[in-house]
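Comments concern the structure below.
The values are calculated or read from the model by the stated rules, or taken from the named source; none is laboratory data. None of these values were measured; they are calculated from a predicted model. Every residue, glycine among them, receives a Cβ derived from its backbone with ideal geometry; neighbour counts consider all protein chains shown. Just so you know, the surface numbers come from the protein's heavy atoms only, side chains and all, with ligands and any DNA or RNA stripped out. Shrake-Rupley method; radii C 1.70, N 1.55, O 1.52, S 1.80 Å.
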Amino acid sequence: MSCERWSFSIDRGGTFTDIVAVSTRGRLLTCKLLSENLAAYPDAAVAGIRKVLGIGASDPIPAARIERVRMGTTIATNALLERSGAKCALVITRGFADLLRIDDQRRPDIFALNSKRQPPLASWVLEADERIGADGRVQRSLDAKSLAVRLRSIYRQGCRTVAIVGLHSYRNPASEARIARLAKQIGFTRIYQSAQIESVRGLLKRASTTVVDAYLSPLVQDYAADLQRQLPGVQIEFMQSNGGLVEAAAFAGRNAVLSGPAGGVVGASALARVCGLARIISFDMGGTSTDVAHWDGELERSEEAVIGGVKISLPMLAVHTVAAGGGSICRVESGRLQVGPHSAGSRPGPACYRNRGPLTITDCNLVLGKVQPALMPAVFGKSGTQPPDLAAARRRLAAIAARMPDRPDPEQLAAEFIDVAIEHMASAIKSVSIRRGHDLESGGHALVPFGGAGGQHACLLAGRLGIGRVLFPPQAGVLSAIGIGQAQARCLRQQSLEIAVAGGIGRARQVAVKLAAEARRQVARSAGGRIKIVRRLLLRYAGSSCALAVELAALRSMIGSFERVHRSRFGFVHERSSILIAQVQVECFAAGRSVPSCRSG
């Protein structure tokens, strides 16, 4: 008789790691562990696997009992927020050394008299004496000798990672390739070329995304390699920000920033399909943050995201994140109640976790009776075996109330902190719905709350937004992990064109064929079945910077689709403006009933 094999779907969050395991005999097991508990285990994901398999901490993990492991992680997101990525250097065309420091000149706080920006991710910036013209022709050949001297200097300082960004390299990557060969000869071990990462127009977009990749990829790739060492012979795939899976060896930092939240969106959309819902707001409230997204039959994508003050220009699920999770710290500053953005995390965690942590939203819900101590896992305290401590939460609330002029009782103060958090979450939902033209009150939307804290706030939030229906998933606490298990291998390739749509369809189709072949090769390694290919063009009006995605089809059909989307989004169309093809996008994924479709916008 063959042994029972398990498939694991794991969501490694900032506070908890959720494990969902399904066996070949139809058994379903779930468990939730603190993401950081070094006294009990070095890695929560591996500890969860051991727990399901029933093996000890020092016993070898039998690969024969594991079908596969699929995982989403917040490693990349946390590294951006905490500025804990790899030390890297940026090599960029001469004259653009300050590009990322200047950025697009938008101020994070337009009313601040002394506006402060986060420092750039790259520890060193080197200018390469080279230049490619907008037509792709070489205007100035690379001065390799001068650049080699400076590369050797930062190499001696300990730098091993370099991001290479050349002006107009999306037209001609020759200079970037020469710099990469030079860096490899000197000894750099991790080299990232912007033209290979995303061959798209826009120096700032390519530079920012390439540096993010260089800053984050060493961390996520080292983690993936370490996980593979602990699980030898096991197939491991990671969730990407675009809602698809990729094998561990190809997991990159640039595609990892929404790795965990993407699983939740996929899981909520799959549940909506099963329940026959046409439109939902997914509301994922975990321990560290809240992630919200809109779905009306397709997963919505954005072409750009800003996380921790860093811009990433890649297609990813349109997820809006606010720092209002169960572990968000509650306090009073200048007489005002404040919730977040700082989180207690899993260590020390909320006050009720028995590690002398601060007051958090979880503590407020515990005091209000929305969290039942007997129903929470006994994983707290120094031993990691105690239930949450209600008395500790009340003491924190009482201490804050004693310093306030009106001296509210603990329950009243807890409710007021919850109300502040609800307002933060409502604002996030408006950004992905009302501000994008979706009517929540009369549009037939349902709110789908999940995550460890989602159900505690769903009804208050729905009432604040005028949403008349709330769908509670049966496995809400681990829905993100379930979504990761339902996802499929997915790869997206894109290339800039910047030509008129009227005469450029033929060229666009040629580019689409090339991109489809590249994407198919990556997906084929892990898809295992029929592959579906979706071809899109990003169209924009001449003189506009806003490109909207339409399916690659006949010219008249695409123009009609573009105008409908533009009118829905902005309320008008330009009757006499020419339309340009900004980019060609091709997406490949393993076809199957559980695969959700996506649209950009």
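Quick notes on this structure:
- In summary, helices (runs of 4 or more DSSP H) completely within the stretch 118-203 and bearing 3 or more residues that are out of contact with any helix residue (DSSP H, G or I) (no Cβ under 9 Å at 6 or more places or on another chain) and open to solvent by 10 Å² or more (accessible area, probe 1.4 Å) occur at 144-156, 174-186.
- Note on the stretch 365-418: among residues that are assigned to a loop (DSSP other than H, G, I, E, B) and among the basic types (Lys, Arg), the one that is surrounded by the most Cβ atoms within 10 Å (Cβ to Cβ) is Lys370.
- The single condition among (1) under 25 Å from Ala256 (Cβ atoms); (2) in contact (Cβ under 8 Å) with a residue 60 or more places away in the chain that Tyr41 does not satisfy is (2).
- Of all residues in the stretch 477-521, those satisfying the criterion of being open to solvent by 30 Å² or more (accessible area, probe 1.4 Å), over 29 Å from Arg68 (Cβ atoms) and not small (Gly, Ala, Ser) are Glu498, Ile499, Arg507, Arg509, Gln510, Val513, Lys514.
- Qualifying position, being within 30 Å of Tyr155 (Cβ to Cβ), in contact with a strand residue (DSSP E or B) (Cβ under 9 Å, 6 or more places away or on another chain) and crowded, with 16+ Cβ neighbours inside 10 Å, among Leu80, Leu53: Leu80
- Within the stretch 322-349, the set of residues being open to solvent by 50 Å² or more (accessible area, probe 1.4 Å), in contact (Cβ under 8 Å) with a residue 24 or more places away in the chain and in a strand (DSSP E or B) comprises Arg331, Val332.
- Taken over the stretch 212-256, residues that are more than 25 Å from Gly267 (Cβ to Cβ) and buried (at least 18 other Cβ atoms within 10 Å of the Cβ) amount to 8.
- Answer from Tyr170, Tyr215 - the residue that is touching a strand residue (DSSP E or B) at 6+ places or on another chain (Cβ under 9 Å) and closer than 19 Å to Ile307 by Cβ: Tyr215
- Residue list for the stretch 556-582, filter: over 14 Å from Ser544 (Cα atoms) and either open to solvent by less than 30 Å² (accessible area, probe 1.4 Å) or among the polar types (S, T, N, Q) (or both): Ser557, Met558, Gly560, Ser561, Ser568
- Filter pass, Leu53 being over 23 Å from Leu258 (Cα atoms) and in contact with a Pro (Cβ under 9 Å, 6 or more places away or on another chain): yes
- Entry remark, the stretch 360-411: residues being acidic (Asp, Glu) and closer than 20 Å to Thr15 by Cβ number 2 in total.
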